[in-house]
Amino acid sequence: MMKKKKWIFYVTFFVGLILVFWLALYLFTDTFNQSRLVNRSVVKPFTFYKEDGSLFTKADMAGKVCVVEFFFTTCPNICPEMNTNMKKVYEAFKDEPNFLILSHTCDPKRDSVPVLKKYADSMQVNTQVWAFLTGSKDSLYNMARESYGIDDPKSVVNNIEDDFLHSQFFALVDKNGNVRGQVYDGLKQDEIKQLKKDIKELLNDKGNRRGFSNNLFN
């Protein structure tokens, strides 16, 4: 009987130690607070114009989880479907104070500030949550390829006027300006569903991960 009591005591004691260890790990480290989504790259500094004519820079992304895409307003095929799916993401997170969608034009020659404003109005969205951006063509394309990794860098041509970016992919950026997770196909419902899950994860992420992992096109 005494041996049995000792055995129960030792088991209880060691189980208690394990529980205390994991509780301390939870309270005093970021292990349980960090997202498991890999870092793909880091957003480089930029300056673009919003649909209301105001300047928008990397500083405006600070502290926000951002979904990024590239489209153009006269696109007849994939862009309408992409933005129908993006509208679902918008509806799911539009009330989150730390959430933002950035839609960059691929066709800044035609998509002027007034044109983007008209398009934003047609989408019936809050442009403080879903912003539409334009700027110089080379700057826009460099951001798509070098910062967000949603177009193959090998697509670059010598003459920027001959270059055209037509990507159906979305990128996800955390509160620290790191591009995270996968490259999301804006035309696939299963990837939109995964994007929503990953947005929730990053909104709740209190960690600050600085690693780097190659993107889809490397």
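Just a few scattered comments:
- Radius, Kirkwood style, for segment 39-203 when every pair of distinct Cα atoms is counted (Å): 15.6 Å
- Segment 42-99, dipole about Cα centre (Lys/Arg Cβ +1, Asp/Glu Cβ -1), debye to the nearest 20: 180 debye
- Over 29 Å between alpha carbons, listed pairs LYS109/LYS196; LYS58/LYS109; LYS109/LYS200; LYS58/LYS137: LYS109/LYS196; LYS109/LYS200
- Gap separating the Cα centres of segment 65-114 and segment 173-200, nearest whole Å: 14 Å
Readers should treat all values here as calculations from the given coordinates under stated rules, not as data from a laboratory. As the structure is a computational prediction, the values presented were derived from the model and not from experiment. Neighbour counts run over all protein chains shown; Cβ positions are idealised from the backbone, glycine included.
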